[in-house]
Amino acid sequence: MTRADDLSGAGEGLRRRLHEIIFEADTASGKAFDVALLVTILLSVAAVMLESVEAIDERHHGLLVAAEWTFTGLFTIEYMIRLSVVRRPTAYARSFFGIVDLLAILPTYLALFFGGAQSLLVVRAFRLVRVFRVFKLARYVGEAGVLRTALLASGPKIIVFLVAILTLVIVIGSIMHLVEGPVNEGFASIPSSVYWALVTLTTVGYGDVTPQTPQGKALAMMVMVMGYGIIAVPTGIVSAELVRVKTVSTRSCPDCSAEGHDIDAKHCKKCGHEL
């Protein structure tokens, strides 16, 4: 065996090891990576939300900018590693999570090219897209999976439900901040907009903050309808549907990156590659 073969074998082994750590959670290192990534995502979203609060931004603008570039650097490294360890990087880049990973880093770089005063609204829109990092959380809540028994197994399901609601209200609040923020003081920051989104989605409807623009009212109507669909659906129907879901593993196909395989699966259900 030549030295080139040794280096090639070592490189392939490293690629497989990195794929196992980044894309799977069955090992201690994989779980540690997921936890670290979760914390980083939550901190980055918190930084974006705090930056939208004028008083906080004025006092800690430099720190928030430094934090944003730090998070962007970390997510950029993660994105490049993900592309390098999958056999079909183009397919991953075009997948849902591949696009979300790109959206997590792209706005910060785009903002460098839109620094003029006349482009402030465009920059603001680009920077708000960073909130879509919360969608990266979706790949880590699937293990709460199956409803096993009436009360005990409801705990994980409730957590998943709350995470989904939290994700939804953050995204809706960010969009409403973009639409209503310039003309409506009630949506001057992302946290205040998220408050409105949560109140509206849960059908509480205090009415202390209301949209004024046609676009904001249209979005509010959509959120109200979604509120009835999410909150008012009988829990028995939801529970019955969840019970039918089969438990899946956290393994990801090393060839096509497909997830959601059965616990005892030995080959990818999408491409047939050995797991």
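FYI, it's all coordinate maths here, none of it is from the lab. Not measured: the values here are computed from a predicted model. Backbone-built Cβ (ideal geometry, glycine too); neighbour counts: all protein chains shown.
Points worth noting:
- Rounded if a/c under 1.5, otherwise prolate or oblate - the range 28-71, Cα gyration tensor axes: prolate
- Other-chain or far-sequence residues with amide H under 5 Å of Val86's (modelled H): none
- Extension gain for the segment Arg17 to Gln215, taken as residue separation times 0.36 nm less the Cα-Cα distance, is 66.5 nm to one decimal.
- What separates the Cα centres of the range 61-79 and the range 155-184 is a distance of 22 Å.
- 3J(HN,Hα) along the range 188-196: 6, 9, 5, x, 5, 6, 5, 4, 4 Hz, from the Karplus curve 6.51 cos²θ - 1.76 cosθ + 1.60 with θ = phi - 60°, whole Hz, x for Gly and Pro.
- Residues His60, His177, His267, His19, sorted so that the one with the fewest Cβ neighbours within 10 Å comes first: His267, His60, His19, His177
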